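Structure, as structure tokens:
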Amino acid sequence: MGCSGCRVRFNFGKVLSKVSVFFTMVLIFTYFFYCLAGLCDSAPRALYRQQLASDYDILDDPRRVWDELRPSPRLLPDRNRTVSEDAAQVDAPGQQLPLHARGSAKESAESHGIPVSNTFGTKRFPQAIIIGVKKGGTRALLEFLRIHPDVRAVGAEPHFFDRFYDKGLEWYRNLMPRTLDGQITMEKTPSYFVTKEAPKRVCTMNCQAKLIVVVRDPVTRAVSDYTQTLSKNPGLPSFQSLALKNSTTGLIDITWSAVRIGLYAKHLENWLQHFPLSHFLFVSGERLVSDPAGEMGRVQDFLGLKRVVSDKHFYFNQTKGFPCLKKPEGSSRPRCLGKSKGRPHPQIPSEVLQRLRDFYRPFNHRFYEMSGQDFGWD
């Protein structure tokens, strides 16, 4: 009787073991069936997206990568959302990736060579161009604008409409960064403003383009221009020998480019033959230094952008003598313009500077009338 009970218990255990194996096999086959049917592949893709998100962070400026992926506030259903709330959206094609995906990218990026610029958005012709002027503050303006999530800009100057026009519009378009719906494509090349053929060429591309001109006291601008050239060519003749045709008559030599660029009214006349004045915004290079947030407010309004760039983004660098950007997200230090900006100017004889001021005065007043702004250079 006792042995019979042992056999019953032994058989019952074998039955339980077989049932357990049966249900395990059922679960395994069910899992494979659903995966083959495509019902469970969303989880691996989500993980893959997060991996890519950290991989892209290896690019030179991580903040700009995330700016490229950030959705336009105009595309969001809730107009009252803040920029920080927008940045926390779950990733989707054409949207900002989640903040937790910004991992330590340097280690994993080496195994992925897919730049963000080749993955998201569309290459478009610029809707806005900073067309001038050299040594007026165009680089500062461009860098300040790139903080804005709805602005995507070429870092280097393309020089398409003055030097490389023969390469064709398609070549030019391919230079542009990819943009999402609602973002603005921009570039800056200060020499466009003084290039005779540039207005017609820009209009051929887009007669509705918005044009930004950063202007500065033409005398100070000329000295700054000379200083930059002198740093590259220490054997350059003196400023006064280049600015004056001869020291006896004191006549200004307008064939020297440093002088000619400051004839803003003359250059603007050329542009107004192809674009109405309403397509221009004239930014004060002086106010871009003394009140960067105020000037950036005007620029953002002109471009139809929400005022995102504000006082909180700037601090004044006493050493360089102009505003710098506070520490951007994903960076270990504040960001100022390069060493070539803020160079000390050489000493120029006061009588030479006064001759230049007298020379520029009628041109400045004409420019004030044309632009509708008094820049106070006299």
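The values are calculated or read from the model by the stated rules, or taken from the named source; none is laboratory data. Because the structure is a prediction, the values reported are computed rather than measured. When we count neighbours, we look across all protein chains shown, and the Cβ atoms used for this are built from the backbone with ideal geometry, even at glycine.
Things worth noting here:
- Segment 341-378, subset among the polar types (S, T, N, Q) and in a loop (DSSP other than H, G, I, E, B), residue modelled with the highest pLDDT: Q373
- Count - residues of segment 167-178 that are of a type in the set (F, W, Y), in contact (Cβ under 8 Å) with a residue 24 or more places away in the chain and surrounded by fewer than 16 Cβ atoms within 10 Å (Cβ to Cβ): 0
- Consider segment 199-214 and keep the residues that are in contact with a Phe, Trp or Tyr (Cβ under 6 Å, 6 or more places away or on another chain) and over 14 Å from Y172 (Cα atoms). The one that is surrounded by the fewest Cβ atoms within 10 Å (Cβ to Cβ) is L211.
- Counting only helices (runs of 4 or more DSSP H) that sit completely within segment 228-327, those holding 2 or more residues that are under 19 Å from the mean Cα position of the chain (by Cα) and within 29 Å of Q183 (Cα to Cα) correspond to 285-290, 292-302.
- Some residue of segment 154-166 being of a type in the set (A, V, I, L, M) and surrounded by 15 or more Cβ atoms within 10 Å (Cβ to Cβ): yes
- Applying the condition of being over 20 Å from Y368 (Cβ atoms) and among the hydrophobic types (A, V, I, L, M, F, W, C) to segment 255-288 and asking which residue is surrounded by the most Cβ atoms within 10 Å (Cβ to Cβ) yields A258.
- Residues of segment 122-156 that turn out to be touching a Ser or Thr at 6+ places or on another chain (Cβ under 6 Å) and at pLDDT below 95, as a count: 0
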